[in-house]
Amino acid sequence: MIDQTQLISSVFPLVGGGAIGFGVGYVIKKLMKLAFIGLGLVMLVLGFLEYKHWISVNWTVTENQSSAILTHLANKIATVTQHMNHEIPIGVGVLGQS
């Protein structure tokens with residue numbers, strides 16, 4: 001027969017790890033959404049200013065730079081999440097319960 005304390009002590013780390021994973025995924029999703037919105041707003045302002053003939057925009061360079069920025073951001077987020085997998089044990093979820 002399974003002891004109830006054994007069951008609880010083995011389930012809490014899994015639940016805590018799942019909650020941490022969900023939270024990190026949610027934050028990363030929101031950060032990426034903000035990055036895309038910010039970049040879109042910058043492009044919108046540049047397009048408007050070029051339409052009014054206040055500035056001249058080289059769209060090829062602008063596209064390359066924005067693509068490089070988003071690629072760099074995605075690589076940084078991937079690196080951070082990979083490091084988190086190695087540095088945060090699953091049992092850390094129990095800390096919130098004690």
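Does residue 60 count as more than 20 Å from the chain's Cα centre (by Cα) and modelled with pLDDT under 85? Don't jump to the end; show me each part of the working.
On the way: more than 20 Å from the chain's Cα centre (by Cα): yes; modelled with pLDDT under 85: no.
No; evaluated as a whole, the condition is false for this residue.
Hey, can you tell me all the residues within segment 16-70 that are in a helix (DSSP H, G or I), of a type in the set (Val, Ile, Thr) and farther than 20 Å from residue 81 by Cβ?
Initial filter on segment 16-70 (in a helix (DSSP H, G or I)): 16-51, 59-70.
From what's left, of a type in the set (Val, Ile, Thr): 20, 24, 27-28, 37, 42, 45, 60-62, 69.
Scanning segment 16-70 gives 37, 42, 45, 60, 61, 62.
Just the residues that are of a type outside the set (A, V, I, L, M, F, W, C) and within 13 Å of residue 77 (Cβ to Cβ), please, taken from segment 27-41.
Let us first name the residues in segment 27-41 that are of a type outside the set (A, V, I, L, M, F, W, C), namely 29-30, 33, 38, 40.
The answer is 29, 30, 33.
The values are calculated or read from the model by the stated rules, or taken from the named source; none is laboratory data. None of these values were measured; they are calculated from a predicted model. Reconstructed Cβ throughout: ideal geometry from the backbone, glycine too, with neighbour counts over all protein chains shown.
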